[in-house]
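> One structure coming up, written as structure tokens, with questions to follow.
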Amino acid sequence: MTGREWIEKAFDRLFDTAARKLSVECGAAEKDEARRRFEERFSTLLDALKQLDLRELPEEAVQGMEEAIEKLSGVELVALLASVPLVTQAQEMLRMLAYRAAEQRLLDHYIRSADDRYGGS
């Protein structure tokens, strides 16, 4: 089983656990759509995990995640829902910061190279 398959299988179980917790009835089409959206959001990770070969699905890990869902209070659930849209924005901000830092390092490198090569200060 690849890492991608492991994550997809875990998503299905966790989706079912969350639906039970919230008393939400989902048909097969709705669950397929939720899985498709999950795969879109995490496509980069899922593509990378195709290369990871796992012998088995660690049952304890998924059970721990299911238990965490079961233990969520209403307030914790609301906080999680409120944070989901922020995650995308935060990732974009981190990308921007990383890009700026790389840009600055490149400029610093060029400045140091120019000073050394051409008898600068």
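Only the coordinates and a few stated rules stand behind these numbers; no lab work does. Quantities reported herein were computed from a predicted structural model and do not represent experimental measurements. A quick note on method: Cβ atoms are made from the backbone with ideal geometry, for glycine too, and the neighbour counts reach across all protein chains shown.
> May I ask for the Rg/Rh ratio of the chain, computed from Cα atoms with Rh as the Kirkwood radius, given to two decimals? Could you put the intermediate results ahead of the total?
Details: Rg = 22.0 Å, Rh = 18.2 Å.
Ratio of gyration radius to Kirkwood radius for the chain: 1.21.
> Run the helix sum for the chain: -39,500 (n - 2.57) per DSSP H stretch of 4+ residues, divided by residue count, reported at 222 nm to the nearest 500 deg cm²/dmol.
Numbers: 5 runs with 97 residues, N = 121.
Helix-only estimate at 222 nm: -27500 deg cm²/dmol.
> Using +1 at the C-beta of Lys and Arg and -1 at the C-beta of Asp and Glu, which of S43, W6, M65 has the Cα lying farthest in the positive direction of the dipole of the chain?
Selected residue: S43.
> Further question on the same structure: Run the reach check for K50 against lysines, Cα to Cα strictly under 29 Å, same-chain hits fewer than 8 apart removed. What comes back?
K9, K31
> Write down the radius of gyration of segment 1-72 and its Dmax, each obtained from C-alpha positions, in Å.
Using the Cα atoms of segment 1-72, the pair Rg, Dmax is 12.9, 36 Å.
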